[in-house]
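A.B. asks: Here it is: the structure, laid out below.
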Amino acid sequence: SQKRPVVLVGHSYGGAVITAAAAGMPQVKALVYLAAFALEVGDSLNKLLGSMAPSEIGPALVPDAGGFLSIAREKFHSVFCKDLPADEAHIMAVTQKPIAAPIFDAKCPAAAWKSIPSWFLVSAEDRVINPDLERFMAKRINATTSEIKSSHVAFLSQPKAVTEVIEEAVRATILKQKAVA
């Protein structure tokens, strides 16, 4: 519904969301992936996760009675956000929202990165998504890529660096377009 130019930013599973949601949306001028999934049409999270050496997330996930998955509290800090203080990680662990297990097998219906410029911030110390998988996805989508020494949550541990990547996408697309007009 947004009429003005948009830069979509996705983290982790949010990358899969922006990949599909932005397809056919002319107001979306850039996609920014932060340690995120950049899927090809027909890909699923499980397909990608199984394509490289496994990360530490699989054994850390625990199901509940409704089929939702959460990261085990005792593993949360080491797997999800090792570069954050322990007290902050504890709060995140106890307030995390579970994810529906079936999303791991959902196939991507569209790949907006094929027509929208993309940026990718690889988290080199990510234990949720293998950093080599992040590099593979970034290369596959021909993203402007940078890498940061961070856990899965660079936006929390290094917000300035993340902001710089987002601002770069804005300058290269929206502001450049305004300057030409």
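A.B. asks: Which pairs do you get when a residue that is farther than 10 Å from P98 by Cβ and touching a residue at least 12 places away in the same chain (Cβ under 8 Å), found in the stretch 59-76, comes within reach of a residue that is open to solvent by 30 Å² or more (accessible area, probe 1.4 Å) and part of a loop (DSSP other than H, G, I, E, B), reach meaning Cβ atoms under 9 angstrom, with the pair 6+ apart or on two chains?
C.D. replies: From residues that are farther than 10 Å from P98 by Cβ and touching a residue at least 12 places away in the same chain (Cβ under 8 Å), the pairs are A60/R127; R73/Q96; K75/E56; F76/Q96.
A.B. asks: Assess whether A53 counts as being aliphatic (A, V, I, L, M), within 18 Å of S151 (Cα to Cα), over 11 Å from the mean Cα position of the chain (by Cα) and not in a helix (DSSP H, G or I).
C.D. replies: yes
A.B. asks: If you don't mind, another one. So for the stretch 66-77 (the condition being within 15 Å of the chain's Cα centre (by Cα) and either over 25 Å from L8 (Cα atoms) or open to solvent by less than 50 Å² (accessible area, probe 1.4 Å) (or both)), does at least one residue qualify? Before you say what the answer is, go through the steps one by one.
C.D. replies: Initially, the stretch 66-77 is screened for residues within 15 Å of the chain's Cα centre (by Cα), giving none.
No, there is no match, as no residue in the stretch 66-77 is within 15 Å of the chain's Cα centre (by Cα) and either over 25 Å from L8 (Cα atoms) or open to solvent by less than 50 Å² (accessible area, probe 1.4 Å) (or both).
A.B. asks: Scanning for something more than 26 Å from T163 (Cα to Cα) and in a helix (DSSP H, G or I), does the stretch 77-93 turn up at least one residue?
C.D. replies: No, the stretch 77-93 contains no residue that is more than 26 Å from T163 (Cα to Cα) and in a helix (DSSP H, G or I).
A.B. asks: Any residue at all in the stretch 107-128 that is at pLDDT below 95, in a helix (DSSP H, G or I) and within 18 Å of the chain's Cα centre (by Cα)? Spell out how you get there, then give the answer.
C.D. replies: Let us first name the residues in the stretch 107-128 that are at pLDDT below 95, namely none.
The answer is no, given that none of the residues of the stretch 107-128 is at pLDDT below 95, in a helix (DSSP H, G or I) and within 18 Å of the chain's Cα centre (by Cα).
A.B. asks: Same structure again: Please count how many residues of the stretch 126-145 are in contact with a strand residue (DSSP E or B) (Cβ under 9 Å, 6 or more places away or on another chain) and either open to solvent by less than 30 Å² (accessible area, probe 1.4 Å) or β-branched (V, I, T) (or both).
C.D. replies: Qualifying residue count for the region: 11.
A.B. asks: Residue by residue through the stretch 10-51, note down the ones that are more than 11 Å from I116 (Cβ to Cβ) and open to solvent by 60 Å² or more (accessible area, probe 1.4 Å).
C.D. replies: Correct list: Y13, V17, V41, N46, K47, G50, S51.
A.B. asks: Those residues that are in contact with a Gly (Cβ under 7 Å, 6 or more places away or on another chain), of a type outside the set (A, V, I, L, M) and not in a loop (DSSP other than H, G, I, E, B), I need them from the stretch 29-50; list them, please.
C.D. replies: Y33
A.B. asks: Taking the stretch 145-181 on its own, how many of its residues are within 18 Å of K29 (Cβ to Cβ), among the hydroxyl-bearing types (S, T, Y) and in contact (Cβ under 8 Å) with a residue 24 or more places away in the chain?
C.D. replies: Looking only at that region, the number is 1.
Table: residues versus (1) modelled with pLDDT of 95 or more; (2) basic (K, R); (3) in a helix (DSSP H, G or I).
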residue	(1), (2), (3)
N142	yes, no, no
S146	yes, no, no
S150	yes, no, no
A161	yes, no, yes
E164	yes, no, yes
E167	yes, no, yes
A172	yes, no, yes
K176	no, yes, yes
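A.B. asks: Within the stretch 94-106, work out how many residues are part of a helix (DSSP H, G or I) and surrounded by 14 or more Cβ atoms within 10 Å (Cβ to Cβ).
C.D. replies: Within the stretch 94-106, residues that are part of a helix (DSSP H, G or I) and surrounded by 14 or more Cβ atoms within 10 Å (Cβ to Cβ) number 3.
A.B. asks: Here's something else I'd like to know. Which condition number does Q2 fail, the rest of (1) open to solvent by 70 Å² or more (accessible area, probe 1.4 Å); (2) of a type in the set (S, T, N, Q); (3) assigned to a helix (DSSP H, G or I) being met?
C.D. replies: Q2 satisfies every listed condition except (3).
The values are calculated or read from the model by the stated rules, or taken from the named source; none is laboratory data. Here the structure is a predicted model, which is why all the values come from computation and not from measurement. As a convention, Cβ positions derive from the backbone with ideal geometry for all residues, glycine included, and neighbour counts pool all protein chains shown. These area figures cover heavy atoms from the full protein model, side chains too; ligands, DNA and RNA do not enter into them. Shrake-Rupley method; radii C 1.70, N 1.55, O 1.52, S 1.80 Å.
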